[in-house]
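These notes are about the structure you will find just below.
We did not get these values from a lab; they are worked out from the coordinates using the rules stated. This one's a predicted model, so the numbers in the text were calculated from it and none came from an experiment. In this analysis, Cβ positions are derived from the backbone assuming ideal geometry, glycine residues included, and neighbour counts consider all displayed protein chains.
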Amino acid sequence: MLRHLSSRYGLGLAAGLLLLLQPPAKAQEDSATILVFDGSGSMWAELEGRTRIEVAREVLGDYLAGRDMSRPLGVVAYGHRRRGDCGDIETLFPSGVYAANDVSARLNALNPKGKTPISGALREAARQVPRTAEEADIVLITDGIETCVPDVCAIADELAQSGIKIRAHVVGFGLSEAEANTLACIPDRTGGKLLRPTTGEELADALRQTEAQAPVEQPAISAEVKLFILLGNNSMPERYSWSLRNEDTGTVTELAELTGDARYSPFVLDLDQGRYTALLSTANGAGETSFEIGDPEARSIEVALAGDLPDITLIDRGPYLAGHNALFDLTINREGLNVGGADFQLTLYKAKPNGDPDGAAVTWSYVSGAAGRKSNALALPPEPGEFIVTLERGDGTIVGSTRIESQVDPDVSLRVPSVVAPGADITFESFGGQGSSDLVTVQKDGADVGWATTLVSVAEGNPLIAPLAEGTYDLVYEMGDGRVEKARVPFQVGTLNALPAQPEQQTTSASPPSGEVEATFKVGEAFESLQVQWSAIPLDDSLPLDAWAPSDFAPSMSGSFLPGRYRVTGDAGDLQFAGDVEITAEGPNVFEIGLAPEPGSDPGGPLTEEGAAELLDRLVPNRKPAN
């Protein structure tokens, strides 16, 4: 008689058998579960002081006692009626609904006798699967290998090709590894499991493992997805691209590049179930958003665009004239994400003592994000003071800033090349004033030569042109509506003559032309690591107007000159050197040229070596010290 084994093998065994033998949670006519039970003579072998047939009866009895018997079940047994007969296969219960006691009583009456016709029993079990079923589970419990046909794998192929999804599980009760391997093709080819318990507890555990059936195939899920670009405070880029990364496979698929009106519409696509990341890219920006498709509901995916800020130079050219429109020297060296005409603002704030902006903006103007020099002006308050000028993005992000000062009557200084070729652009720099309508003009003997040019016109790309006639001229800066002269600097209009190159085979310097002597100009010892371009113009009326301007760069340079006074300049990029020297026939004519003073500053005496080193560290980052 079958006994309830919950006290010996645990309730888990019953639950395991219940889940193992019950069909999946589908309509009853769509599935079937057929149990194939070994009734061969080998089931009388002992196991843990009892026979295998007794243990198997108890396990199955526990299963039937807890099973929902409203679910169809079929039972096939073999080897229980006759010895040596490979045809001893009997369907005890065709697939259907039965009482648990009836099934238990029938299994309890089995008397193991014969052979192990596994192939025939599995074929018989397959015949019990209803033709309307879409899938079925056949669970074979056996303590032996096939003893009637040589190729047990043939039945595995029959089951796999039956047109119904049949999963055949083999629970090899007490089989050796080699014996179990002879049956492995059955679960391998049908998607079932091969388990090899050797004790009652292991049998219970093996049956629990078969609970994890192959998942029921679900209808394919796909959904419509709309990809939107989320601009925030950014302007719409001229073009952008969509790509998609499948997070389950790691593959990235390029979808489309959008231009024109298409940029303003969502990009629509259909995606199968899975995990994805939408990738947005532009010339100077990008963004990404991850999402998952788990149902067929359409969804919209927004991808925020984040981009680079531009690289800018904002120079303080003050002190500025209070109460006037001040022109600010702003250059966008490298464009960021935004290049539109209203993407940035040049903004003026009052300055706190610590240098932070004080309160709301005083005034501002739009600035294009396109690369190049800008010609923006801001109206300074009539009261002089200190201010902060910033370049800001629309969301308030500060790209760059500088602190400035306005004065009622600021000093102005000019920097102009010593020599300018006739008809060439005059590339000058000015500090102080900086009214957008301030004038810069070329004069000779106090009279204008050509037209005066406003600072804003120069900033807009209209250069000041040198006269065609050679000679000495003045560059004059006139500030404000009254054209008050604030700075005047002389310069020469003439030919830039470089020293001729010396032949390579010459080992000694050639003698200077008649009447000329050699002079050498150099920077101080602290600046010997710099590469300097030198020039000199004569200051005495008795000297020719020709300028000396070699094309080489070096911390020191020599040339041939007629004796007299000269203005010597050295251009080292961030550092400028200037000085007036007198070259004599007697010599020695070796001159150390000092730093040119900053505009509007007091040189305050010669620069010490320590001061020079400090200045170099500030202006020339990562410089190599002189040996």
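Observations, loosely collected:
- When region 101-168 is described by a simple charge dipole with +1 on each Lys and Arg Cβ and -1 on each Asp and Glu Cβ, the residue from 140, 109, 152 located farthest towards its positive end is 109.
- Compared with the direct C-alpha span, the chain from residue 331 to residue 269 gains 18.1 nm at full extension, assuming 0.36 nm per residue.
- Modelled FRET efficiency - R0 60 Å, residue 198 with residue 243, Cβ distances, 0.05 increments: 0.60
- Label point distance in nm, residue 578-residue 472, each placed 7 Å from Cα along Cα→Cβ: 1.6
- A simple spin-label model places pseudo-atoms 7 Å from Cα toward Cβ; at residue 224 and residue 444 they are separated by 7.8 nm.
- Cα gyration tensor shape of region 98-148, rounded if a/c is under 1.5, else prolate or oblate by comparing a/b with b/c: oblate
- Converting phi to 3J(HN,Hα) with the Karplus coefficients 6.51, -1.76 and 1.60 and the offset θ = phi - 60°, region 481-486 yields 5, x, 6, 6, 5, 10 Hz in sequence order, with x at every glycine or proline.
- Rounded if a/c under 1.5, otherwise prolate or oblate - region 25-83, Cα gyration tensor axes: oblate
- Potential lengthening between residue 295 and residue 253 on full extension [0.36 nm per residue; Cα-Cα distance subtracted]: 12.9 nm
- Shape class of region 344-430 from the alpha-carbon gyration tensor: oblate, with a/c at 1.5 or above and b/c at least as large as a/b.
- Excluding same-chain neighbours fewer than eight residues apart, the lysines reachable from residue 522 by a Cα-Cα span under 29 Å are 624.
- Using the Cβ-Cβ distance between residue 483 and residue 425 with R0 set to 30 Å, the FRET efficiency works out to roughly 0.85.
- Within the same chain, lysines fewer than 8 places from residue 444 are excluded, and of the rest, those with a Cα less than 24 Å from its Cα are 486.
- Distance (nanometres) between label positions extended 7 Å along Cα→Cβ at residue 585 and residue 106: 14.0
- Where chymotrypsin sites (Phe, Trp or Tyr not before Pro) fall in DSSP loop in region 407-461, at most 15 other Cβ within 10 Å: 451
- GluC sites (Glu not before Pro) within region 410-473: DSSP coil, no more than 11 neighbouring Cβ in 10 Å: 460
- Extension gain, residue 592 back to residue 363 (0.36 nm per residue minus Cα-Cα distance, nm): 77.7 nm
- Of 351, 333, 301, farthest towards positive along the dipole that unit charges on Lys, Arg, Asp, Glu beta carbons give region 297-362: 351
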